[in-house]
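The values are calculated or read from the model by the stated rules, or taken from the named source; none is laboratory data. What you see is a predicted model; the values in this text were computed from it and never measured. Here the Cβ positions follow ideal geometry from the backbone for every residue, glycine too, while neighbour counts run over all protein chains shown.
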Amino acid sequence: MSEPANSTNSTNSIVQTNNALLSDINNLQEIEKTLVRQLESFAGKPSEQRELINKINSISTMRINLYKSLNSLNTYFKGTMTNSRVALAEQTAAIKIVENEMNQLLFYI
């Protein structure tokens, strides 16, 4: 049985969103690493150092929020897949029942 086009599009969309989130997380990690290196070799005013620390904290918060979004999306996707499997199992069972009834009717004809 082939997968419905709507389901395939939905799956592709979720995969693309996951990939985008992972790419954004990776980019934020690289920016954060660069800022931490700058902080390690920092020789400026304390107020500038504090500003750099605030930027690092802000990027870290964004990255953590993206992780949470990714986790929520994956949790939702797993739940949807579970519901789809249950519905498919129920539909398959119903089809088997109808098939058996049809076969019994054909036997008596």
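It is to be established whether one or more residues within the range 65-73 are under 14 Å from the mean Cα position of the chain (by Cα), modelled with pLDDT of 85 or more, farther than 20 Å from residue 11 by Cα and surrounded by 10 or more Cβ atoms within 10 Å (Cβ to Cβ). Show your work before the answer.
Quick first cut of the range 65-73, residues under 14 Å from the mean Cα position of the chain (by Cα) only: 65-73.
Going one step further and asking which of them are modelled with pLDDT of 85 or more, we end up with 65-73.
Checking the rest, the ones that are also farther than 20 Å from residue 11 by Cα come to 65.
Then keep just the ones that are surrounded by 10 or more Cβ atoms within 10 Å (Cβ to Cβ); that gives 65.
Within the range 65-73 (the criterion being under 14 Å from the mean Cα position of the chain (by Cα), modelled with pLDDT of 85 or more, farther than 20 Å from residue 11 by Cα and surrounded by 10 or more Cβ atoms within 10 Å (Cβ to Cβ)), the answer is yes, since at least one residue qualifies.
Residues in the range 24-59 that are at pLDDT below 95 and either among the small types (Gly, Ala, Ser) or not in a helix (DSSP H, G or I) (or both): 41, 42, 43, 44, 45, 47.
If I ask for residues that are of a type in the set (Lys, Arg) and free of Cβ contacts under 8 Å to residues at least 12 places away in the same chain, which ones from the range 61-86 would you list?
The initial filter retains those residues of the range 61-86 that are of a type in the set (Lys, Arg), namely 63, 68, 78, 85.
Correct list: 68, 78, 85.
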